[in-house]
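Each remark here refers to the structure printed beneath this line.
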Amino acid sequence: MFNAYPHYPSRREIQLPSLWDFAFAETTAELASPVWEELQFNDAMAVPGVFDTAIEAPARRGVGFYRTRFDARPGATLQLKIGGLGLKGAIFADRKLIGIDDLPYSGLSYFFTPEGGGVHELVIAVDNRLDFTPESLFAQFYDYYGHGGIYREVTLHELPENAIDRVRVETLDETGNVRLTVLFHQPLNGKIEAALAINGSGAAPLSLEVINGKAMLEKHFRLPYWSDETPHLHTLELATANDRVVERFGLRTVRTADGQILLNGRPVILRGYCRHESHPLFGPALPPQQIREDVALLKQLNCNFVRGSHYPQSQLFLDLCDQYGILVWEEGIGWGDREDRLCNRRFNELQLAQLAPMVHNSFNHPAVIIYGVLNEGDSKLPAGREIYRKLLTELRRLDSSRLVTFASMFPREDINFDLVDIVSINMYPGWYAADSEQFRPLGEIQARIDELGSMLKDNPLLRDKPFIISEIGAGAIYGWRDRFAAHWSEEYQRDYLETVCEIFRRDHRIAGLALWQFCDGRTYSSSRALGRPRAFNNKGTFDEYRRPKLAFDTVRKIFGEMKNSGRLS
Ligand code: ADA
């Protein structure tokens, strides 16, 4: 069964069921050392799926134990891939701990060899208890619900000897020169004979010089380039005597010049939304059909851009963005982190640790052009500069072929803009308004964007960097129509987004716009929800079931005109 790329067509995949046995331990369970005898596996739970939307126990917090059984050949090395879980996980094979996952939403692999052949037991324990220390990547104050469960697909493969991990394809220029990096799981050395086929035809022999599990070679491909308008994709199949991998890729370059983002050397304007992976029933464990629908809705809105807020993205979603031509900003998990977290050693380690898997999983997606970190962290804090420096340097080290940024909420006082390729600002003028006495403070929007524009222009460090509005928006309760067009009505949101989009289509300084947000999503279950009617963040252009609000037609129209005729002068 193939889902997201890469595919390994010659490998033995051990089929895992869609329903696993399930036991739940409310408060007493230790994630990494369960008392097995006390667990009652008398329930069933879907994988992927979350256990805290279940009808009989919504909002429960504790440790959920997912159990299944599988057959393995004696001595086989297995690779268990979990596309992402939350909030924390522990993985057991035959009750032996084989890994801890404290990187929510990250796609991670675990390697193990079960003892003996026959039937084995696999348990994934998932803890969704809120961690109030500054040490965990998800905090209870984050403005999206911290669900418990296995968010994305789980696969189990038997690895052949000298198994291939990935083939990374990097586009070096706009004339078809690429670098291929073949990565093996083991630190192999020496020559390995292989065959390389592009788009399924004419495999050419290839001799790989492998050093420490890695072989690099440069190639010239005469293939059409990928862009948001012409999303040409290609496949690459690499076969060795033992293994075969199929990667999908697109050729494209991205860089910045004179305040613009250049895709394949040509300026591109990013029209889009921030999107959470969220649904009232599925939480972040969206079924493929919903993921596909979300991408189709972005296309209907005439978007060419999505900000994957605020965590590493589902690989299925990124495959679809590649296919439909939606440019992506992917980011590490983070939300409004302050000094206690930014300066905490463990938080720093975890922040750093999530970047390598994010890049590793996403390096062949032409759609991903931007990597981000630490949404709305305290980027004005001198003591916090170290973590910004570390994370952004690490991103550049892992992948120099993409742009790096972070969404700042402190445009005037930010001390880290020198570290980024793109200056990204989150702002809510006219919603969290400066003048609380004004009935419909839409006039604040233009004024604040202008202020920001002059501030950027006057700063020699920022003048030449592209500037993105990485969040802007207003809340509307689906179905709430109001003749006063007051706050929370669909009318106010429509007028708000119309104002924003009209400014965007005229203001040549703004290289991109990510409206907050694609659809409504569940958030706080504490009194923080007092600013969030229904305990949802209601700034979606769709509600949580993807029903369009009034703003849909407005945004779709303006983005559509921009798509067809560009900016107004
Ligand atoms: C911030 C944050 C978003 C969301 C938004 C809002 O900008 O980055 O995740 O919480 O505010 O709705 O206020």
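What follows is calculated from the coordinates using simple rules that are stated; it is not laboratory data. All of these numbers come straight from a predicted model, not from anything done at the bench. So basically every Cβ, Gly included, is an ideal-geometry build from the backbone, and we count neighbours across all protein chains shown.
Descriptive notes on the structure:
- Label point 7 Å beyond Cα of LYS557 along Cβ direction - residues of region 497-528 with amide nitrogen under 14 Å: 497-502
- DSSP-defined antiparallel bridges as percent of all bridges, the chain, nearest 5: 75 percent
- Dipole of region 396-521, positive direction: furthest Cα of ILE445, TRP488, ILE510, with charges on the beta-carbon: ILE510
- Taking GluC sites (Glu not before Pro) across region 435-533, the ones in a DSSP loop with at most 13 further Cβ atoms lying within 10 angstrom of their Cβ are GLU437.
- The distance linking region 169-220 with region 537-569 is 42 Å (Cα centroid to Cα centroid, whole angstrom).
- Normalised by the number of residues in region 154-253, the mean separation of alpha-carbon contacts (under 8 Å, six or more apart) gives a relative contact order of 30 percent.
- Near GLY308: Cβ cut-off under 14 Å, other residues only, Lys/Arg at +1 and Asp/Glu at -1. The net charge is -3.
- Of the GluC sites (Glu not before Pro) in region 132-237, those whose Cβ has at most 13 other Cβ within 10 Å and which sit in DSSP loop: GLU161, GLU229
- Amide H partners (placed H, <5 Å) of LEU270, local residues excluded: GLY512, LEU513
- Using only side-chain charges placed at the Cβ, +1 for Lys and Arg and -1 for Asp and Glu, the dipole size of region 421-569 relative to its Cα centre rounds to 460 debye.
- Environment charge of ILE82, counting only residues whose C-beta is closer than 9 Å and scoring Lys/Arg +1, Asp/Glu -1: 0
- Based on C-alpha pairs under 8 angstrom that are at least 6 apart in sequence, the chain has a relative contact order of 12 percent.
- Based on DSSP H segments of at least four residues, each scored -39500 (n - 2.57), the chain has a per-residue ellipticity at 222 nm of -6000 deg cm²/dmol.
- Checking the cross-link pairs LYS299/LYS380; LYS214/LYS390; LYS88/LYS299 against a 27 Å limit on the alpha carbon distance flags LYS299/LYS380; LYS88/LYS299 as lying beyond it.
- Among ARG271, ARG266, ARG179, a tally of other beta-carbon atoms within 10 Å of each Cβ gives an order, fewest to most, of ARG266, ARG179, ARG271.
- Dipole of the chain [Lys/Arg +1, Asp/Glu -1 at C-beta], most positive-end residue of VAL178, MET562, HIS310: MET562
- One chain, two ends: VAL35 and ASP71. Fully extended at 0.36 nm per residue, the span grows by 10.5 nm beyond their Cα-Cα distance.
- Cα centroid separation, region 328-402 to region 69-134 (Å): 25 Å
- Residues TRP480, TRP226, arranged from fewest to most other Cβ atoms within 10 angstrom of their Cβ, appear as TRP480, TRP226.
- Counting neighbouring Cβ atoms within 10 Å and putting the fewest first, the residues THR235, THR68 line up as THR235, THR68.
- Dipole magnitude for region 1-104: computed about the Cα centre from +1 point charges on Lys and Arg Cβ and -1 point charges on Asp and Glu Cβ, it is near 500 debye.
- Region 404-539: antiparallel DSSP beta bridges as a percent of all, rounded to 5: 15 percent
- DSSP-assigned coil residues among trypsin sites (Lys or Arg not before Pro) in region 351-414, each with at most 13 further Cβ atoms within 10 Å: ARG412
- Net charge dipole size for the chain [Lys, Arg +1 and Asp, Glu -1 on Cβ; Debye, nearest 20]: 1020 debye
- Region 103-119 - phi-based ³J(HN,Hα) in whole Hz, Karplus 6.51/-1.76/1.60, Gly and Pro as x: 10, x, 6, 8, x, 10, 10, 10, 10, 7, 10, x, 7, x, x, x, 8
- Cβ-based charge dipole, the chain, positive-most Cα from VAL126, LEU223, GLN290: LEU223
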